[in-house]
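Single-structure report; data block below.
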Amino acid sequence: MIPAYANFGGKIHGGILLSLMDKVAYACAAKHAGSYCVTVSVDGVNFREPVEVGELVSLMGSVNFVGRTSLVVGIKVVAENIKTGLIKHTNTSYFTMVAKDDAGHPIEVPPLRLETEEDARRFLEAMKRRELRIAYSEHFDNARTRMLLKESLGKLANERCEIDFDS
């Protein structure tokens with residue numbers, strides 16, 4: 001990682017790492033799908049440790065799940081301090097990609113061959129994240145949310161916020 005990638009705090013900017021992760025996710029998804037793929041969501045971007053200028057960064061990606069036209073690619077980022085030999089796990093993220101044909105329409109992707117228990121675990125975890133994301137969207141995108149808001153405003157009484165609107 002070079003100094004030009006640093007943020008104002010002197011650490012590698014998270015956007016640089018996200019850009020690299022997106023490129024790795026594309027490579028994994030496109031290779032599996034055998035076609036162009038686009039990023040449709042990024043779930044669980046966890047910045048566990050900062051990446052320092054001068055560290056060597058490795059990104060490891062794997063297709064963890066496939067739907068009919070979508071793929072979930074897990075990305076693990078590790079950074080190595082070449083002077084001390086210290087290796088640290090800095091980031092984990094999950095990219096949902098969709099395979100596209102030449103006209104830009106979603107196309108079916110091949111099934112994922114699960115060869116180890118670890119592959120099966122990753123597939124099951126991706127299924128659970130998908131289930132939770134759908135439930136979350138249904139909860140917050142629902143028209144009932146406005147009614148629930150009025151019922152839930154009391155929960156804000158002991159929080160660090162001030163209500164400045166009529167309910």
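The values are calculated or read from the model by the stated rules, or taken from the named source; none is laboratory data. All values derive from a computational prediction rather than experimental measurement. As a convention, Cβ positions derive from the backbone with ideal geometry for all residues, glycine included, and neighbour counts pool all protein chains shown. All accessible areas refer to the heavy atoms of the entire protein, side chains included, with ligands and DNA or RNA removed. Shrake-Rupley method; radii C 1.70, N 1.55, O 1.52, S 1.80 Å.
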If we ask which residues in region 84-97 are touching a residue at least 24 places away in the same chain (Cβ under 8 Å) and either over 25 Å from E118 (Cβ atoms) or touching a Lys or Arg at 6+ places or on another chain (Cβ under 7 Å) (or both), their number turns out to be 5
Please verify whether N46 is within 18 Å of the chain's Cα centre (by Cα) and either crowded, with 18+ Cβ neighbours inside 10 Å or more than 13 Å from T92 (Cα to Cα) (or both), treating the condition exactly as stated. no
Residues (on the phi > 0 side of the Ramachandran plot and of a type in the set (A, V, I, L, M)) located in region 30-77: none
Scan region 59-80 residue by residue and report those that are surrounded by 13 or more Cβ atoms within 10 Å (Cβ to Cβ) and either out of contact with any strand residue (DSSP E or B) (no Cβ under 7 Å at 6 or more places or on another chain) or among the hydroxyl-bearing types (S, T, Y) (or both). S62, V66, G67, T69, S70
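What do you reckon, is E117 open to solvent by 40 Å² or more (accessible area, probe 1.4 Å) and out of contact with any Phe, Trp or Tyr (no Cβ under 9 Å at 6 or more places or on another chain)?
Against the criterion (open to solvent by 40 Å² or more (accessible area, probe 1.4 Å) and out of contact with any Phe, Trp or Tyr (no Cβ under 9 Å at 6 or more places or on another chain)), E117 qualifies.
Among Y5, Y26, Y94, Y36, which is the only one that is of a type in the set (F, W, Y), surrounded by 15 or more Cβ atoms within 10 Å (Cβ to Cβ) and under 21 Å from E131 (Cβ atoms)?
Y94
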Cβ-Cβ distance below 8 Å, separation of 6 or more or different chains: which pairs start in region 107-125 with a residue that is over 18 Å from K76 (Cα atoms) and end on one that is of a type in the set (V, I, T) and surrounded by 12 or more Cβ atoms within 10 Å (Cβ to Cβ)? I107/T69; E108/T69; V109/V66; V109/T69; P110/V66; P111/V66; L112/V63; L112/V66
Over region 19-50, the set of residues without any contact (Cβ under 8 Å) to a residue 24 or more places away in the chain and more than 19 Å from R113 (Cβ to Cβ) is S19, K23
Single unsatisfied condition, I87 versus (1) closer than 26 Å to L124 by Cα; (2) β-branched (V, I, T); (3) open to solvent by 50 Å² or more (accessible area, probe 1.4 Å); (4) out of contact with any Phe, Trp or Tyr (no Cβ under 7 Å at 6 or more places or on another chain): (1)
